[in-house]
Amino acid sequence: MARRSRKKGSPIVPIAVVAGLLILGGVLFAVTNRNSDPFAALTSLPVEDYLENGSSFGGNFYKITAVVDEKLHYSPDGQMISISVDDALVAVFVPPELGNQNITRGDRFTFKVEVKQRGVLHVHDLRKS
């Protein structure tokens, strides 16, 4: 009886499967990490330039990641807090609708701020970081 020669399977199939899994894993990783920063589309506030001339930034939105230094003023209209960012202290206004957040000294937050009239930073959203 004659023996049949057996061809070994092509190594292309396992390599293609592994490559496909790696690509799928990379896509999933990119999608899940993109959503981890809700303010990813915003530019970070250039603090030094803002301190020199804050009103020139008027009407624009920025993100700031900072540590709460202290609460400066509290009223039913909102609260003014001081935050430490890039070795500088900056005051931001937190409206009452964001008052459900427990903001205490030493907490680290990422703020979505709008530069209002006369350079006042008005917080639109904040996330503990």
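The values are calculated or read from the model by the stated rules, or taken from the named source; none is laboratory data. Every value quoted in this text rests on a predicted model; they were computed, and no experiment measured them. Virtual Cβ from ideal backbone geometry, glycine too; neighbours counted across all protein chains shown. When the accessible area is computed, the model is the full protein with side chains, heavy atoms only, and any ligands, DNA or RNA have been set aside. Shrake-Rupley method; radii C 1.70, N 1.55, O 1.52, S 1.80 Å.
Taking (1) surrounded by fewer than 17 Cβ atoms within 10 Å (Cβ to Cβ); (2) assigned to a strand (DSSP E or B) in turn, S56 satisfies each apart from (2). F29 falls short on exactly one of the conditions (1) surrounded by fewer than 12 Cβ atoms within 10 Å (Cβ to Cβ); (2) of a type outside the set (D, E); (3) within 27 Å of E114 (Cα to Cα), and that condition is (3). Within region 39-53, at least one residue is at pLDDT 90 or above, in contact with a Leu (Cβ under 9 Å, 6 or more places away or on another chain) and not β-branched (V, I, T). Contact annotation: residue pairs with Cβ atoms under 6 Å, 6 or more positions apart or on different chains, pairing a residue in region 56-79 that is closer than 18 Å to R118 by Cβ with a partner that is open to solvent by less than 30 Å² (accessible area, probe 1.4 Å) and polar (S, T, N, Q), are L72/S82.
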